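The values are calculated or read from the model by the stated rules, or taken from the named source; none is laboratory data. Please read all numbers here as calculations on a predicted model, not as lab measurements. Please note: Cβ atoms are built from the backbone with ideal geometry, for glycine as well, and neighbour counts cover all protein chains shown.
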């Protein structure tokens, strides 16, 4: 694998994107290079090895590189890698160049400054994980019935309220379900694998088969939705979904709301067929998301109040004629409720990384609990507040947590006028 390792260094040695692409195209037929790229960036190839060796093993096997990729396929088909698996993979790496290349594959980063979209342009075989996301996000206060500019712009883009589907937003975790493999893979929005949702496989399989038949697909479809844990708040849910041991999966529920495999159909058409597939199957753990079409703003407002009173996080507004887009789309708009409070600033925290020598967060006092507020600032404010922090600020937040802190606190503005 020395040739591949040297090529990665060569790509990393230039900074311009055009130069990197030129090198990749010129050397893309280098033996094992294509496989290295695909195994590093294909979202379906998750190996669950967080740490690998830096040096060559004391005992190595004189194996060809294809054996490494064959074993990586085996690991990708499992839900985890044992110490024995890791040691065996290490023994297949018979020089330091191979060790380094394998290590980069396992980390999902070839460390040469090339984005996955660029790799995909040259190697279209890479399966990219790109769920549809909301371009528009509205922080709507139902108490003040605020019809803001962002919401107005989205409604105008859709041609009016009667062209908008309101889809319930639960306070769970977003997942893509790859039903083409067994066990199925539950992939997070960022492309990471959730390890403990396979209790849903049986019911997901029923829906996938029905969907494949109804839509005459040549492949098993991917399902898109949100997983919640009944009776748990968001913080407790996150502890459960990433836990590898002592997981109580009896309360896992999957709220299905779309399928990228039906991307050519309109939003309305996708919703109809998915709802039919769910309601026609005997299911206990999977439901199709509740959706409505609005008549006007008043209809939206009253429904939004009902949504909040029933414990939901908010709504995702969807343009009825939109296809499934594998990107952040103007056809979806997330609407969440918010609370705001004026709080005393009790300290500052210095930033790191891109905020080095700037403000990282303001520390505010909320009923005796110190809360970090690290978002909502402009760069100019970060520079100024580090040495000149305000005394009182308005903070928006989603909810008060069990420990008395604030969830998702965001800086709104200075309120020194209250002094």
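Checking every residue in the stretch 302-320 against the condition of being over 28 Å from the mean Cα position of the chain (by Cα) and either over 24 Å from residue 410 (Cα atoms) or part of a strand (DSSP E or B) (or both) gives at least one match. On the basis of being surrounded by 15 or more Cβ atoms within 10 Å (Cβ to Cβ), at pLDDT below 90 and part of a helix (DSSP H, G or I), does residue 120 make the cut? Considered against the rule, which asks whether it is surrounded by 15 or more Cβ atoms within 10 Å (Cβ to Cβ), at pLDDT below 90 and part of a helix (DSSP H, G or I), residue 120 comes out as yes.
Out of all the residues in the stretch 252-279, which are outside any strand (DSSP E or B) and over 17 Å from residue 179 (Cβ atoms)? Of everything in the stretch 252-279, those that are outside any strand (DSSP E or B) and over 17 Å from residue 179 (Cβ atoms) turn out to be 264, 265, 266, 267, 268, 269, 271, 272, 275, 276, 279. Against the conditions (1) touching a helix residue (DSSP H, G or I) at 6+ places or on another chain (Cβ under 6 Å); (2) under 16 Å from residue 34 (Cα atoms); (3) in a helix (DSSP H, G or I), residue 110 satisfies every one except (3).
Regarding residue 42, is this residue in contact (Cβ under 8 Å) with a residue 40 or more places away in the chain, assigned by TED's automatic domain parsing to the domain that holds residue 110 and touching a helix residue (DSSP H, G or I) at 6+ places or on another chain (Cβ under 8 Å)?
no
Of the residues making up the stretch 194-204, those that are outside any loop (DSSP other than H, G, I, E, B) and crowded, with 20+ Cβ neighbours inside 10 Å are 200, 204.
In summary, residue 333 fulfils each of the numbered conditions (1) in a loop (DSSP other than H, G, I, E, B); (2) touching a residue at least 60 places away in the same chain (Cβ under 8 Å); (3) surrounded by 14 or more Cβ atoms within 10 Å (Cβ to Cβ) with the single exception of condition (1).
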